[in-house]
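Structure first, then comments.
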Amino acid sequence: MTQPALPTPPLSPAAPEALPGLLAQSAALHRHLCPRQVLGARMGLLAGQHLALSFPRTDKRVLVFVETDGCFADGVAVASGCWLGRRTMRLVDHGKVAATFVDTRTAQAVRVAPHPDLRARVQAARPEGQKRWDAYMAAYQTWPDEALFRVQPVTLTVDLAALISVAGKRAVCGRCGEEIVNEREVRAGGAVRCRACAGDTYWAPLGESAP
């Protein structure tokens, strides 16, 4: 028997007026707009509310950890103002459409993720004949935050100061001679090594195996 469609949640009166402009900016990066970009942008705006900070940022106060790459990350970036190129975004590749936003001044952090049943609820609420993709696009842009996301205050398990490091720090690997920035060198017994020469590498010279 066909299950009755769930009513579509109404447009949240608190939906930011900035959202359409942010989505246009994200779409320009991909030449199209997709549901994950919408989720990323709305996560960013929601995180700003929970951290009591204006978004998107023009400074480097906020650091965001995105748990997957692709268009989702760009949605997060345009809404938060955090970018890989500004060293205010980090990819933790867990394959999840989720992100943790950190106020680097206070160490306050929140992780934002879609409700596990969100996709099922959207499909149940879509009008007959509407494509699933269109249903996701409509719901993700209009449903209220509480219908889309769960927000969890969290504590980082990484050293935030070490991750951010100190601007201008440089070292030279004693083995390969390449420069190392952002205090990412490995020091042992007085020797300075880049991570690749210290054995933490994702590549090997052609015809050789990784150490």
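Quick look at the values:
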| quantity | calculated |
| --- | --- |
| Accessible area, probe 1.4 Å, largest first, for residues 57, 195, 126, 170 | 170, 195, 126, 57 |
| Candidates 77, 135, 41: whichever shows maximal mean-square fluctuation once the chain is modelled as a Gaussian network with Cα springs under 10 Å | 135 |
| Segment 17-120: radius of gyration and largest Cα-Cα distance (Dmax), Å | 12.5, 38 |
| Protein-only accessible surface order, largest first, of 143, 203 at 1.4 Å | 203, 143 |
| Rg over Rh [alpha-carbon atoms, Kirkwood Rh] for the chain | 1.08 |
| Accessible surface of the chain, 1.4 Å probe, proportion on carbon and sulfur as whole % | 54 percent |
| 3J(HN,Hα) from dihedral phi, segment 83-99, Karplus parametrisation 6.51/-1.76/1.60, rounded to Hz, x for glycine, proline | 9, 4, x, 9, 6, 10, 9, 10, 8, 10, 7, 9, x, 10, 7, 7, 8 |
| Sites residue 142 and residue 31 - FRET efficiency at Förster radius 25 Å, r taken between beta-carbons, to 0.05 | 0.60 |
| For the chain, with +1 on Lys and Arg beta carbons and -1 on Asp and Glu, the positive-most of 100, 194, 156 along the dipole | 194 |
| Karplus 3J(HN,Hα) series, Hz, for segment 73-78 with 6.51 cos²θ - 1.76 cosθ + 1.60 (x for Gly, Pro) | 4, 5, x, 4, 5, 5 |
| Computed helical MRE - 222 nm, the chain, DSSP H runs ≥ 4 contributing -39500 (n - 2.57), nearest 500 | -9000 deg cm²/dmol |
| Choice from 66, 186, 76 with maximal GNM fluctuation in the chain (Cα, 10 Å cutoff) | 186 |
| Most to least accessible of 136, 202 (protein chains only, probe 1.4 Å) | 202, 136 |
| Placed amide H near residue 60: partners under 5 Å, 5+ positions off or other chain | none |
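The values are calculated or read from the model by the stated rules, or taken from the named source; none is laboratory data. These numbers come from a predicted model, not from an experiment. Glycine gets a Cβ as well: all are built from the backbone with ideal geometry, and neighbour counts include every protein chain shown. Side chains are part of the model used for accessible areas, which takes the heavy atoms of the whole protein and leaves out ligands, DNA and RNA. Shrake-Rupley method; radii C 1.70, N 1.55, O 1.52, S 1.80 Å.
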